[in-house]
Amino acid sequence: MKSSIKKSKAVALFLAVAVAISGLFTVPNTAKAADESQMTEFLETTTGDAVANTPVNHGFSIASTAPAAIQVVVPEPVVMNLQIVRTSNSYTIYNKSVAANTDPYLGWTYDSTEQVYYYTISWPTPEIADYSLSMTFGTDTKYVVYGLQEKPSAVISHNSIVLTKGFSQKLSVSNATVSKWSSSNTKVAAVDKNGKVTGKSAGTATISASTSTGEVVKCTVSVKANTYTRSKLSLSQTSYGNAYISVTNVSYNKKGDLVIKASFLNNRGYKITKLLNLKISVKNKSGKVIGTYSAKSKKVSIIHGGQKTLTFTVKKAKLKQKPTQDLRQAKVVPAFKYQYQVR
């Protein structure tokens, strides 16, 4: 075997085949190799002297489902039986007899530059597991064997997120090292060097993570106002004989007070004159009470079929949760009784 059968050449041969395997484009086996930096070695390059009809075994592990391949290089075509077994359950996933010729389907491929022969096992979607490779040659021979796999593409933790103004969420990238985080609109959403995104104002921005290998992955960020908003109930959504409340808006005013707007709908059949034991609790997404408005009695005048919106304020000093809470994701729990006039 020529002394030039080294890892560098083996990698070049392998990569040319691996590119074709992955479906990116088809290249001749001796064409310029793909970028080695985009590959990872799962089966260490080994040079050996095989004895005829004596199995040569190598263990290896596959850590991702990215396209992979194993290549065996020999100085002359030789009969070879090649087997791959998943070690966890002794299941044979590959079993091939290679002929001592250059038949494109049954034998070896010749590389005229290095004057060697190689056989490649393509593995488009391997399973993550531990394996054992066994090669049995029909005659004594030198060999080189190695396995390479495409490095998994960078993956960002979220393709899109919705943030409340003034609040943050951390993004991360797997399968790569981030060299730079950036925002398409820092007035809407800013990002720090650790991937922490903070909503600045209502709107949309794109957060980009540039990796050390040149990949760029992105996340679309929609920033919403720090306001709880819901639609009013309509008469058609209610049943006759009762009155209903729907909290339509909760926000902070400039003083930091909690402002609650509630719509009362009368489908009782009579005029409602008083609200009794009114209680509206606003809770954060963890279920903790931010603030509660309560009143034992409140005079109103809502005719049957009518709707009235009232505004209630909970002073900042009375709030249970500080600092500012995410009201957009808040839960509102209203309760009340009422008094009506029969005439």
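The values are calculated or read from the model by the stated rules, or taken from the named source; none is laboratory data. Bear in mind that the values here come from a model prediction, so they are computed numbers and not experimental data. Every residue, glycine as well, gets a Cβ built from its backbone with ideal geometry; the counts of neighbours run over all protein chains shown. Just so you know, the surface numbers come from the protein's heavy atoms only, side chains and all, with ligands and any DNA or RNA stripped out. Shrake-Rupley method; radii C 1.70, N 1.55, O 1.52, S 1.80 Å.
Evaluate the following for Ala225: is it surrounded by fewer than 17 Cβ atoms within 10 Å (Cβ to Cβ), under 19 Å from Asp326 (Cβ atoms) and touching a residue at least 24 places away in the same chain (Cβ under 8 Å)? Criteria met by Ala225. Among the residues of segment 284-310, which ones are under 42 Å from the mean Cα position of the chain (by Cα), open to solvent by less than 80 Å² (accessible area, probe 1.4 Å) and not hydrophobic (A, V, I, L, M, F, W, C)? Correct list: Asn284, Gly287, Gly291, Thr292, Tyr293. Note on segment 67-87: among residues that are under 24 Å from Lys151 (Cα atoms) and part of a loop (DSSP other than H, G, I, E, B), the one that is farthest from the chain's Cα centre (by Cα) is Thr87.
The residues of segment 92-105 that are in contact with a strand residue (DSSP E or B) (Cβ under 7 Å, 6 or more places away or on another chain) and either charged (D, E, K, R) or farther than 14 Å from Ile128 by Cα (or both), listed by number, are Thr92, Tyr94, Asn95, Lys96, Ser97, Val98, Thr102.
Scan segment 262-280 residue by residue and report those that are closer than 30 Å to Phe167 by Cα and surrounded by 17 or more Cβ atoms within 10 Å (Cβ to Cβ). Across segment 262-280, the qualifying residues are Ala262, Ser263, Ile280.
Applying the criterion of at least 3 residues that are in contact (Cβ under 8 Å) with a residue 12 or more places away in the chain and surrounded by 15 or more Cβ atoms within 10 Å (Cβ to Cβ) to the strands (runs of 3 or more DSSP E) found wholly in segment 96-182 leaves 116-123, 129-137, 141-150, 160-164. Among the residues of segment 184-215, the ones that are in contact with a strand residue (DSSP E or B) (Cβ under 8 Å, 6 or more places away or on another chain) and in contact (Cβ under 8 Å) with a residue 40 or more places away in the chain come to 2 in all. Here is a check on your reading of the model: is Lys218 basic (Lys, Arg), open to solvent by 60 Å² or more (accessible area, probe 1.4 Å) and assigned to a loop (DSSP other than H, G, I, E, B)? Here the answer is no, as Lys218 does not meet what is asked.
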